[in-house]
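Notes follow once the structure below has been shown.
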Amino acid sequence: MIIDGEAAVTPAVLEAMAASPDARVKDVTAALVRHLHAFIREVRPTEAEWEYGVEFLCRIGQTNTATHNEGVLFSDSIGISTLVCLLNNGNEGSTETAAALLGPFWRDNSPPTENGGSIVRGPTPGPKLFASCQVLAGGKPVAGARVDAWHSSPEGVYENQDPNMAPMNLRGQFITDAEGRFRFTSVKPAGYPVPTHGPVGDLLRAQLRHPFRPAHLHFLILKEGFKTLVTQVFVDDDEHLESDVVFGVTQALVGGYQLGQGPAPDGSEGEWWSLDYTFHLEPGEARLPTPPIA
Ligand code: BEZ
Ligand code: FE
């Protein structure tokens with residue numbers, strides 16, 4: 001088709017793509033073109049602005065490394081990760097779900113840890129945390145589920161961001177018992193800023209947004225016959241609970257972290273906290289995501 005003006009561009013592109021034999025590819029790419037062309041018509045970028053936009057996307061890729069995923073961070077920072085998550089969990093959006101975005105720091109090979117064990121694998125000063133959780137489906141315990149737990153340190157960094165931390169510190173993999181329970185000891189996580197050295201940092205600064213996430217524990221629960229639950233449980237007194245830079249906080253995910261009274265369950269001295277939380281699985285496909293980092 002010979003283009004005879006601005007209005008002819010969109011139908012020409014859609015026609016050129018229409019032969020795609022895969023119906024899903026055809027629908028998704030056509031919708032992408034329709035929406036992006038509508039965006040361009042609304043925004044009417046100058047040529048210099050469009051160059052900047054393309055350069056911004058290129059920088060997202062260039063900022064990726066084995067230990068940093070700027071693409072995931074971009075998706076997170078504009079609410080798309082949470083939107084995809086909430087559209088895909090909670091029975092087509094009809095019920096509240098306790099799913100949340102994966103984030104960039106999950107690793108597929110967390111150390112198997114006995115139920116009740118510690119995931120502190122090196123010196124990690126901070127208040128202790130005793131987590132006691134149960135996994136249910138339709139009100140019944142889910143035994144034998146794989147549970148990955150991972151979180152930031154009391155200084156707000158993940159093990160693979162800090163060369164001084166022991167490998168796999170604050171990461172563990174558990175198997176739920178006959179009552180669907182798993183327990184572990186750790187330290188209380190702190191909130192942290194997402195990495196801002198790349199284009200996402202430029203975006204946040206341009207929008208006068210702070211880069212912080214409220215403190216949280218991450219969980220991934222995998223059991224054949226159930227939709228894999230990827231989620232986070234937030235610390236309820238965190239100052240950024242209502243302004244998470246990646247929009248991950250829903251009401252169901254605000255945990256009841258309790259300040260311990262008296263001696264800690266393991267007899268240790270000092271401040272300690274406990275968390276009781278119940279996870280609910282939905283029927284569906286058990287699948288592991290692709291780890292965003294090495
Ligand atoms: C996280 O929760 O680990 C996370 C999520 C989004 C961006 C950065 C970190
Ligand atoms: Fe996190």
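Read-outs throughout are calculated quantities, based only on the coordinates presented, and are distinct from any laboratory measurement. Since this is a predicted model, take the numbers as computed values, not measurements. Please note: Cβ atoms are built from the backbone with ideal geometry, for glycine as well, and neighbour counts cover all protein chains shown.
Identify which of N109, N69, N169 has the largest mean-square fluctuation in a Gaussian network model of the chain, with springs joining Cα atoms closer than 10 Å. Fluctuation is largest for N109. The calculated FRET efficiency for A8 paired with T46, based on their beta-carbon distance and R0 = 25 Å, is about 0.70. Residues considered: A31, A100, A166. Largest GNM mean-square fluctuation over the chain, using C-alpha springs under 10 Å, is found at A31.
Among beta bridges identified by DSSP and lying wholly in the chain, the antiparallel ones come to about 75 percent.
Label-to-label distance for E224 and Q207 is 4.3 nm, based on points extended 7 Å past Cα in the beta-carbon direction. For the pair S243 and L87, label points projected 7 Å from Cα toward Cβ lie 2.9 nm apart. Lysines near K223 by alpha-carbon distance under 18 Å, same-chain residues fewer than 8 away left out - which ones? Partners found: K140. Within region 102-209, the trypsin sites (Lys or Arg not before Pro) that combine a DSSP coil assignment with at most 13 other C-beta atoms in a 10 angstrom radius are R209. With a Förster radius of 45 Å applied to the C-beta separation of Q261 and C58, the computed FRET efficiency comes to 0.25.
Panel order for M168, M17, M1, by other beta carbons found within 10 Å of each beta carbon, from fewest to most: M1, M17, M168.
Taking a straight Cα-Cα cut-off under 20 Å and skipping sequence neighbours fewer than 8 places away in the same chain, the lysines within cross-link reach of K188 are K128. Comparing mean-square fluctuations of P154, P189, P45 from a GNM of the chain with C-alpha springs under 10 Å, the top value falls on P45. Run through region 44-124 and list the GluC sites (Glu not before Pro) located in a DSSP loop whose Cβ has at most 15 other Cβ atoms within 10 Å. Taking region 44-124 and a limit of 15 other Cβ atoms within 10 Å, the loop GluC sites (Glu not before Pro) found are E96, E114.
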